[in-house]
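Here is the structure we will look at, set down as structure tokens.
The values are calculated or read from the model by the stated rules, or taken from the named source; none is laboratory data. This structure is a prediction, so every number in the text was calculated from the model and none was measured. For neighbour counting, all protein chains shown are included, and Cβ atoms are generated from backbone atoms with ideal geometry for every residue, glycine included. To get the accessible areas, we keep the full protein, side chains included, count just its heavy atoms, and leave off ligands, DNA and RNA. Shrake-Rupley method; radii C 1.70, N 1.55, O 1.52, S 1.80 Å.
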Amino acid sequence: MYNTKLLAWGMLFLMMCTFLLPLSAAHAASTDSVLGTLASSTVASKDSGSGGSGFFEQVFGFLFDKVLGPIFNIFGGGKSSSGTSSPVNVIPLPSTPGDSAGGVGSTASLRGKVIVVDPGHGGSNPGAVANNDRESDNNLAVGLKLRDKLVQAGAKVIMTRDTDRTVAPEGSSLSEELEARVAMAEQQKADIFVSIHSNSNPDSNIAGAMTFYHGNKSPDLARAVQTALIKTTGAVDKGISPATFYVLRNTTMPGVLVEMGFVTNEQESVQLKNDAYRGKVAQGVFNGIAAYFDNR
Ligand SMILES: [Zn+2]
């Protein structure tokens, strides 16, 4: 009775908050940088526009995941945060036996794998910008190179975007933009999700590559990618770290978010704009993915 009424009003209030959330993709980066980032353990990572790690994203991500989602059985319902078990629909294809020629792993294990490559930001949302280097451009260039390598190895690759654009229609909210990326991975029943980003930090001395994963879903994928990435690029190894980025939190398959380097570091921004270096980054991520599937 009374409690039921209270619950109903509470839910209505939460829904109002959610739908009135005044974040648009266009201003996501600046809004997030003002709000700061609450992503767990993302030391030296201020690339908050990317993963929706801003305060509001955290709060509303929680509301979606824990409150509204389970109640209405929308947003997939079971897309859970760390800890709780999630209904993993991924049915791994039988791995191709054989020609593991040592090193970074054979590419035979990639055959038939469904891989979503997600170049972060795009269109009206360039992500981090510094030293005349736009994050969205770096992300797209490396994403396309990664796609080519994966396709060549026989994987089925789905790009969330393959041009300089947003994934959701322009003018959509940040939540809609990120959900559109997640939805592609879920609809395609991808084996893994790989998001490509460039980092930024107020301290221009900070440089290096790092790879994020969520919960206990994919530390092994993150480790494989980070190891191979450092090997091909020679970048400063900032290691792997758990994080609550939206796209990692809400995808059911193993996923990683790769921060290739810092656009705010002058030297690294030059590298990130360089075609040959972008090729090395793509090769590193590719090698890591191959090694991951090879060891499964
Ligand atoms: Zn980003």
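Other residues with beta-carbon under 12 Å from the beta-carbon of Pro169 carry, at +1 per Lys or Arg and -1 per Asp or Glu, a net charge of -2. In this structure, the pairs whose alpha-carbon distance is over 23 Å, taken from Lys149/Lys280; Lys113/Lys217; Lys149/Lys231; Lys189/Lys280; Lys156/Lys231, are Lys189/Lys280; Lys156/Lys231. The order of Asp294, Asp148 by accessible area, most exposed first and with a 1.4 Å probe, is Asp148, Asp294.
Per-residue extension of 0.36 nm, minus the Cα-Cα distance of Asp148 and Asn274, leaves a gain of 43.6 nm for this segment. Need one word for segment 107-232: rounded, prolate or oblate. Basis is the Cα gyration tensor (sqrt eigenvalues a ≥ b ≥ c); a/c below 1.5 gives rounded, then a/b vs b/c decides. Oblate is the answer for segment 107-232, as a/c is 1.5 or above yet b/c matches or exceeds a/b.
Calculated over segment 166-296, the projected area of the Cα convex hull averaged across directions stands at 8.4 nm². For Asn216 and Lys189, a Förster radius of 22 Å and the Cβ-Cβ distance give a FRET efficiency of 0.60, rounded to the nearest 0.05. Between Glu170 and Arg111, full extension at 0.36 nm per residue minus the direct alpha carbon distance yields a gain of 17.8 nm.
The spacing between segment 260-296 and segment 173-244, judged by their C-alpha centroids, is 11 Å. Take the Cα of Asn132, step 7 Å toward its Cβ, do the same at Arg296, and the gap between the two points is 4.2 nm.
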